[in-house]
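Notes to accompany the following structure.
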Amino acid sequence: MSGAVTLSLRAPVDEAVDLDGVTADRCATLSAVEIASLPIWVGRLQASLGDLFDVRGERSDRLRVEGSLRRVSGLAAGMAGGELLVDGDAGDRVGAAMTGGWVDVRGDVGDDAGLAMAGGALRITGSAGHRAGSAAPGASRGMTGGEIVINGSAGDEVAARARRGLVVVGGDAGPHAARAILAGTLVVVGRTGAHAGRGSKRGSVVALGGIDVPSTYQYACTYQPPHLRLTFTYLYRRYGLSVDDRVLDGRVRRYCGDAVEIGKGEILVLTD
């Protein structure tokens, strides 16, 4: 990332560190001194970014964060534009409430990645914890736009209450995926956990690696949807996510539900 602002964590941290508000678009207009002065939280104490990170570069909307970041939460939270690269694992709330830009995490992330996301793109080359693309506590809606692509697996309640957007899980997804989804699409390449799509009002769950379809869904038909090939062609070109020809050329069983709601959601299950 030439011409970027680079934040390097000087040493591993024992306490939780919250970088909420330290985003690529915010750094675009700031000098190195001003970036180092941005407020952060270390445990219950407020500190400055420069207390923990070395800052190199200034006035760029390309931001790189380096170091042992498992205890660092809020990376790219609220980001509206620019590019942010996390060179390794990260903590909770990566890309939470982001509205634009590109976030690339080259490792695993904790819980609540892309929580209440409204736009932009979040790519995670490793696995994600619980509630990726889901709703904030007490909120009626989860993500309302944007794209989340997780190359590895995801925990419970991925895409729960999603209103719009696309979430893709390259590995397995935990229980309650797409719970109470309002719209949008969840694609799971691996196995989808129990109770997927329960309480769905609308939206799609594409289960390619096996799923126990809830009893509140009814079989509708078996067909070959052309939009799946288009979707995976797009995912390969933009995110490098590839699937085999069996997925591209396969047929799916379509189930409609959830019957306890208005019944306009769907689960698409790849046939053997």
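Only the coordinates and a few stated rules stand behind these numbers; no lab work does. Since the model is a prediction, treat every value here as computed from it, not as a measurement. Every residue, glycine among them, receives a Cβ derived from its backbone with ideal geometry; neighbour counts consider all protein chains shown.
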Among beta bridges assigned by DSSP with both residues in the stretch 111-270, the antiparallel ones amount in percent, to the nearest 5, to 30 percent
In the chain, what percentage of the DSSP-assigned beta bridges are antiparallel, given to the nearest 5? 35 percent
Could you please state, rounded to a whole Å, how far the C-alpha centre of the stretch 246-272 is from the C-alpha centre of the stretch 25-65? 46 Å
Specify the inter-centroid distance of the stretch 94-120 and the stretch 208-227, based on alpha-carbon positions, in whole Å. 29 Å
Over the stretch 72-170, one equal point on each Cα, no solvent: what is log10 I(q)/I(0) by the Debye formula at q = 0.10, 0.13, 0.18, 0.25 Å⁻¹? -0.19, -0.32, -0.63, -1.32
Extending each Cα 7 Å along its Cβ direction at residue 218 and residue 66, get the distance between those two points in nm, one decimal. 6.0 nm
Taking the beta-carbon count within 10 Å as an exposure proxy, list 204, 215 from fewest neighbours to most. 215, 204
Stretch gain in nm, segment residue 32-residue 44, where the contour uses 0.36 nm per residue and the Cα spacing is subtracted: 1.8 nm
Spin-label model distance (nm) - residue 51 vs residue 260, 7 Å beyond Cα toward Cβ: 4.7 nm
Residues 266, 261, 15 arranged by fewest to most Cβ contacts within 10 Å: 15, 261, 266
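At 0.36 nm per residue, minus the direct Cα-Cα distance, what do residue 139 and residue 10 gain on full extension? Give it in nm, one decimal, please.
The residue 139-residue 10 span can extend by a further 42.8 nm.
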When a/c is below 1.5 the answer is rounded, else prolate if a/b is larger than b/c, else oblate, so apply that to the stretch 139-198 with a ≥ b ≥ c taken from the square roots of the Cα gyration tensor eigenvalues. oblate
Inter-probe distance in nm under a simple model that places probes 7 Å from Cα toward Cβ, at residue 242 and residue 58: 4.4 nm
If you take the square roots of the eigenvalues of the alpha-carbon gyration tensor of the chain and sort them as a ≥ b ≥ c, do you get rounded (a/c under 1.5), prolate (a/b over b/c) or oblate? prolate
Which one, 214, 234, 199, projects farthest toward the positive side of the charge dipole computed for the stretch 180-238 from Cβ point charges (K/R +1, D/E -1)? 234
So, how do all the Cα-to-Cα distances of the stretch 111-270 break down into 10 Å bins, in percent, from 0 on up? 13, 46, 36, 5, 0
Student exercise, the stretch 169-257 dipole from Lys, Arg, Asp, Glu Cβ charges, in Debye to nearest 20: 300 debye
